[in-house]
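The values are calculated or read from the model by the stated rules, or taken from the named source; none is laboratory data. These numbers come from a predicted model, not from an experiment. Cβ atoms come from the backbone with ideal geometry, glycine included; neighbour counts cover every protein chain shown. The accessibility values were calculated without ligands, DNA or RNA, using every heavy atom of the protein model including side chains. Shrake-Rupley method; radii C 1.70, N 1.55, O 1.52, S 1.80 Å.
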Amino acid sequence: MATILAVETSCDETAVAIVKNRYICSNVVASQISLHGAYGGVVPEIASREHLVTINPLITQALTEADISWSEIDAIAATAAPGLVGALLIGVTAAKTLAIVKAKPFLGVHHLEGHIYASYLSEPQLKPPFLCLLVSGGHTSLILVKDCGQYESVGTTRDDAAGEAFDKVARLLKLGYPGGPIIDRLAKTGNAAAFSLPEGKISLPGGGYHPYDCSFSGLKTAVMRLVDKLDPDALPVEDLAASFQRTVARTLTHKTINCALDYRIENIVIGGGVAANSGLRAHLQEAAAKEGLRVYFPPLKLCTDNAAMIACAAADHFARGHRSSLALGVQSRLAITEVMKLYRN
Ligand code: KG4
Ligand code: ZN
């Protein structure tokens, strides 16, 4: 059973965790949301500088909380792709330096594989194959999980990620950043049937629609047009939030359930920050139950960015003998199907 110390700095959370296989020993996260809020989105340079300030104290905190000494750590891991390059570099450099100084193996981890592994932390008995709906600020993907490092990307967004759509609509409604949790809260008291909004469907050249790909830019534009027509001093923000949220939840639920049925997959897991959305959870749960499918929702703390999920993915790779080179660079983009490029042969 491998004990991994992992670092995650791909976006605006500095995170360090220590995980024994699928058991969390410590999991600390320092959010930068208050620093970026004023700009309405993540400012990459600010993110990198803040990671630099926070990373060392956080590593010490993770070791203290886990009550674990360096001798008990088998390997050191860090998110190496995809993400903001400057931000990734801080975590990867910290992890590689520790790997050299403490003479431990180093593993670079794919951020999305980490989100998939969050479900193993909450459901240690879960076994592939299963379908993962990954919905975050930067990604919206339906991924068929076959085994550790073995993924097939079956559906994606053609434009905005689901979380990005929440954040952009929240900005339109002048609600603040990040928009997802605010819209989720407002939607609870709104009428979801107040406005009819379009589900983003992708037309196929031969007719019909793409079964698993989706689009959110048309939905965002529809909300923008509505807002332009409504009285700005009496904007029904709760109804708009509820109608928007229901449309996103419906779109994601249709695609996910269709995909699971087509591929004859019984287990669905959900990951990424938007997995925290109460409307999506309720919708997906209800639709899955009707079809006799099971949906696993990791606890919210494991849905948003954290290093425990990165450590858990690294532990599985470590057990299979996978190691990364100390010359491994960081990459802003890397498809989930290319996870194994992070490891030496
Ligand atoms: O996975 P995550 O923490 O970071 C990455 O993007 O990797 O996801 C952040 C995204 C943001 O867009 C945020 O608005 C969204 O997740 N989010 C939510 C909720 N909580 C966070 N979206 C909808 N409903 C929520 N309750
Ligand atoms: Zn993420």
(request) Could you tell me whether residue 53 is assigned by TED's automatic domain parsing to the domain that holds residue 315, touching a residue at least 12 places away in the same chain (Cβ under 8 Å) and either of a type in the set (Val, Ile, Thr) or open to solvent by 20 Å² or more (accessible area, probe 1.4 Å) (or both)? (result) no
(request) Just one of (1) within 16 Å of ligand 2 (Cβ to nearest atom); (2) open to solvent by less than 30 Å² (accessible area, probe 1.4 Å); (3) closer than 20 Å to residue 281 by Cα trips up residue 181, so point out which. (result) (2)
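Is there a residue being outside the structural domain of residue 16 (by TED's automatic domain parsing) and acidic (Asp, Glu) anywhere in the range 311-331? Quick ask: steps written out before the conclusion?
So the first thing to find is which residues in the range 311-331 are outside the structural domain of residue 16 (by TED's automatic domain parsing), and the list is none.
Among the residues of the range 311-331, not one is outside the structural domain of residue 16 (by TED's automatic domain parsing) and acidic (Asp, Glu), which makes the answer no.
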(message) out of contact with any Ser or Thr (no Cβ under 8 Å at 6 or more places or on another chain), farther than 24 Å from residue 300 by Cβ and without any contact (Cβ under 8 Å) to a residue 40 or more places away in the chain: is that true of residue 220 in this structure?
(response) no
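Here is a yes/no grid of residues against (1) small (Gly, Ala, Ser); (2) more than 22 Å from residue 22 (Cβ to Cβ); (3) not assigned by TED's automatic domain parsing to the domain that holds residue 262:
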| site | (1), (2), (3) |
| --- | --- |
| 43 | no, yes, yes |
| 78 | yes, no, yes |
| 94 | yes, yes, yes |
| 140 | no, yes, no |
(request) Go through the range 266-299 and give me each residue that's part of a helix (DSSP H, G or I), crowded, with 21+ Cβ neighbours inside 10 Å and within 12 Å of ligand 1 (Cβ to nearest atom). (result) 273, 274, 275, 276, 279, 280
(message) Every residue in the range 137-149 that is within 14 Å of the chain's Cα centre (by Cα), outside any loop (DSSP other than H, G, I, E, B) and not β-branched (Val, Ile, Thr), please.
(response) 141, 142
(request) Would you mention how many residues in the range 150-178 are within 16 Å of ligand 2 (Cβ to nearest atom), assigned to a helix (DSSP H, G or I) and touching a Gly at 6+ places or on another chain (Cβ under 7 Å)? (result) 4
(message) Conditions first: (1) among the basic types (Lys, Arg); (2) open to solvent by less than 70 Å² (accessible area, probe 1.4 Å); (3) more than 15 Å from ligand 1 (Cβ to nearest atom); (4) in a helix (DSSP H, G or I). Residue 323 passes all but one, so which condition is the exception?
(response) (4)
(request) For the range 225-253, name all the residues that are of a type in the set (A, V, I, L, M) and either farther than 13 Å from residue 183 by Cα or open to solvent by less than 10 Å² (accessible area, probe 1.4 Å) (or both). (result) 226, 227, 230, 234, 235, 240, 241, 242, 248, 249, 252
(message) Could you tell me how many of the residues in the range 93-125 are part of a helix (DSSP H, G or I), under 19 Å from the mean Cα position of the chain (by Cα) and more than 16 Å from ligand 1 (Cβ to nearest atom)?
(response) 1
(request) Check off (1) more than 16 Å from ligand 1 (Cβ to nearest atom); (2) not in a loop (DSSP other than H, G, I, E, B) for residue 185 and give me the number that stays unchecked. (result) (1)
(message) Quick check on residue 101: is it surrounded by fewer than 23 Cβ atoms within 10 Å (Cβ to Cβ) and within 16 Å of ligand 2 (Cβ to nearest atom)?
(response) no
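Counting only residues that are part of a helix (DSSP H, G or I) and either within 19 Å of residue 103 (Cβ to Cβ) or among the basic types (Lys, Arg) (or both), how many does the range 57-79 have? Please lay out each step first, then the result.
If we filter the range 57-79 for residues that are part of a helix (DSSP H, G or I), which is where we start, we get 57-66, 70-72.
Of the ones still in play, those that are also either within 19 Å of residue 103 (Cβ to Cβ) or among the basic types (Lys, Arg) (or both) are 59, 63, 70-72.
Residues that pass the stated criteria total 5.
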(message) Can you go through 43, 29, 19 and tell me which one is crowded, with 22+ Cβ neighbours inside 10 Å and not basic (Lys, Arg)?
(response) 19
(request) Identify the residue in the range 74-98 that is away from ligand 2 (no atom under 16 Å from the Cβ) and of a type in the set (Gly, Ala, Ser) and, among all such residues, is surrounded by the fewest Cβ atoms within 10 Å (Cβ to Cβ). (result) 86
(message) So residue 134 passes all but one of these: (1) outside any helix (DSSP H, G or I); (2) open to solvent by less than 10 Å² (accessible area, probe 1.4 Å); (3) more than 16 Å from ligand 2 (Cβ to nearest atom); (4) not aromatic (Phe, Trp, Tyr). Which condition number does it fail?
(response) (3)
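So if I check each of 249, 234, 282, which one is of a type outside the set (D, E, K, R), assigned by TED's automatic domain parsing to the domain that holds residue 211 and at pLDDT below 95? Walk me through how you get there before you give the answer.
Details: 249 fails: at pLDDT below 95; 282 fails: at pLDDT below 95.
Answer to the selection: 234.
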